[in-house]
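Enquirer: Sharing a structure here in structure tokens format.
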Amino acid sequence: MTRMYAVDPWVEKPLEAFVVEAGARLALLMTPAGQVIAQYGFTRAVDVMAAAALGAAIVASTGEIAKLLDEPTFSVLNHQGKRHGILLAGFDTPRGRMVCLAVYGPDSTPGLVQLFFEEFSRDVRDACPETEAPKQVLAADFERELNESLSALFRT
Amino acid sequence: MADDVRSMTAELVRDPTSLVFLRLGEVLRAEGQVDAARKVALTGLERNPNLADAHDLYARILVDASELDYAQRVWESVLQIDPRHQGAHKGLGFLHYSRGDLDTALDHLELAVAADPTNQNVVQALQAVRDVADSLTAEEPVDAFAGFEGQDRGILLVDSQGRALAGRVMTGEGHDGTDAVAAHLVGVTQEMVRTARMLKLGDWQWLVVEGTDGNAHLTAPSGDSLLFVVRGRDVPAGRLALLADHAGDAARTWLAAQRP
Amino acid sequence: MSDRFKGILDAITRVRGVRGAMIVVWQDGLIVSDSLMEGVRGNAVAALTSSVTKYAESVMLASGIGRLQFLHLQASNGVLLVVATGSETLVVAIAEPSVNVGLVRLELIRAAEAVK
């Protein structure tokens, strides 16, 4: 049984390749505002919601720190714990910036996840249909959009 | 018996060219006087270097002295003098049987029987080895690596799903590591294929690893099998590659024979 | 690349047929230092070498031949040669298939001694 769901079908193939090659146990593709585009491995909507919100918050806060330091936006964050590692990385696409959050176990490595993230971001860029720039996500819209995407992601 | 020895010795003193040394050597062998038997055989050989029976006697004495490789060479030289020499075929049959090479043992014993079908000792020996070979064939598939040094501890053929096909890997502590190694081999192979593809190295051909306690060589003798050869650190990588090459040939032959 | 590592890696890349050399953190698959010809993907070499050596070591431990010291992956268009330094890093060379493996191995061992 597949453990992957995507709002847009064009993202399925690159995401599947990424989780297989990188050995990711969980993966989330979202906008910097936390709007979920695709997920792999999550079984509960509430976990997706929490991961997306926290991931978006980290991207926003590290972006602000980069600004304070007069640095370009940090592109990749990699944390390695005892049992799990986390990669949080942003990349540009024709539909604007996207963020990937991946959780991996001891059978993978930061090097492998980063390597296949590079391939994934390139594949997503190539597969992504060009549309108008995404609209600004307003706080009021955020929860509704998140709920809509979660419904799509879990086919509820 | 002592009288026999005395009379034969006296005859030999009287006539050093007498072939009685053959019987004397045999009697001394039977009495366990290996050194004395060896002296008699060598003295006889000096006078009769082309006498196949003299070499045969000497080879049997060497077996008594546990000098098996030397005995094999002597019997092989007997067959150059007389290719149908029953004693030499019987002796070589015994040597190959004792090393577990039943096929070669059977070849020699069949030739020994052909040389003299009335010799019941040889007929019985042939039947006994045939029985052993039949029982092994009935109990388990023919070993792909029969006759290979380390066939029972350092050669393993597995299928593409990590199941052992033939051979065995024993660890230094005497544990049977066959199943664990078979399972891990699939993972390392998949990773090698991916590495070779992504680094544009082409198709992988072999992997050699050197460890703190030994060396190993991994190849794919066919598209759906893997061959793993393990040896101690005293076997250098080049020799390991040669061993793996020969084992690969044996594996391909064996795999072809298994296919319907 | 620090001068210390540069000299170590240059000794490896001076061997005819070597396309690149690097020092890699074994557990992470990340580059410590590298000296690569154009077209060699350093991050891919590091990540994949770390992974393949881990798999290889699991086979080695199961077969009772101990920890990894040297690995030689021969392929039709190239070879990957790795020496474990014994202190969480690997020294890696990627080379043409006809490279003098013995010579590269010696340089890798020298480099590993210098790195640890």
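The values are calculated or read from the model by the stated rules, or taken from the named source; none is laboratory data. None of these values were measured; they are calculated from a predicted model. Cβ coordinates were reconstructed from backbone atoms using ideal geometry, including for glycine residues, and neighbour counts include every protein chain displayed.
Enquirer: Of the residues B:Ala196, B:Ala166, which single one is in contact with a strand residue (DSSP E or B) (Cβ under 8 Å, 6 or more places away or on another chain), buried (at least 19 other Cβ atoms within 10 Å of the Cβ) and modelled with pLDDT under 95?
Expert: B:Ala166
Enquirer: Here's another thing I want to ask about it. Which residue, of A:Leu54, A:Leu150, is in a helix (DSSP H, G or I), away from chain C (no Cβ under 14 Å) and modelled with pLDDT under 80?
Expert: Step by step, each of A:Leu54, A:Leu150 is checked, and only A:Leu150 is in a helix (DSSP H, G or I), away from chain C (no Cβ under 14 Å) and modelled with pLDDT under 80.
Enquirer: Turning to a different aspect of this structure: So, restricting to strands (runs of 3 or more DSSP E) that lie completely within segment B:151-260, which ones have at least 1 residues that are facing chain C (nearest Cβ under 8 Å)?
Expert: So the answer is B:164-169, B:204-211, B:215-222, B:225-231.
Enquirer: So, one more: Just one of (1) within 13 Å of chain A (Cβ to nearest Cβ); (2) out of contact with any Lys or Arg (no Cβ under 8 Å at 6 or more places or on another chain); (3) without any contact (Cβ under 8 Å) to a residue 40 or more places away in the chain; (4) not acidic (Asp, Glu) trips up C:Leu71, so point out which.
Expert: Result: C:Leu71 passes all but (1).
Enquirer: Could you pull out the residue among A:Gly85, A:Gly81, A:Gly90 that is modelled with pLDDT under 90 and closer than 30 Å to C:Leu48 by Cβ?
Expert: Answer to the check: A:Gly81.
Enquirer: Same structure, new question: Search segment B:147-171 for residues being β-branched (Val, Ile, Thr) and within 15 Å of C:Leu61 (Cα to Cα), and hand back the single one that is nearest to the chain's Cα centre (by Cα).
Expert: B:Val169
Enquirer: Of the residues C:Val59, C:Val24, C:Val82, which is within 11 Å of chain A (Cβ to nearest Cβ) and either out of contact with any helix residue (DSSP H, G or I) (no Cβ under 7 Å at 6 or more places or on another chain) or within 30 Å of B:Gly177 (Cβ to Cβ) (or both)?
Expert: C:Val24
Enquirer: State which residue is nearest to the other protein chains (Cβ to nearest Cβ) when the search covers only segment C:27-56 and only residues that are of a type in the set (Ser, Thr, Tyr), surrounded by 21 or more Cβ atoms within 10 Å (Cβ to Cβ) and within 12 Å of the chain's Cα centre (by Cα).
Expert: C:Ser50
Enquirer: Let me ask something else about it. Does C:Gly66 qualify as being within 22 Å of B:Val181 (Cβ to Cβ) and surrounded by fewer than 19 Cβ atoms within 10 Å (Cβ to Cβ)?
Expert: Yes.
Enquirer: So, A:Ala24, is that one at pLDDT 90 or above, of a type outside the set (Asp, Glu) and under 13 Å from A:Val103 (Cβ atoms) or not?
Expert: It is true that A:Ala24 is at pLDDT 90 or above, of a type outside the set (Asp, Glu) and under 13 Å from A:Val103 (Cβ atoms).
Enquirer: Then there's this: Is there a residue in segment A:72-83 that is within 13 Å of the chain's Cα centre (by Cα) and part of a strand (DSSP E or B)?
Expert: yes
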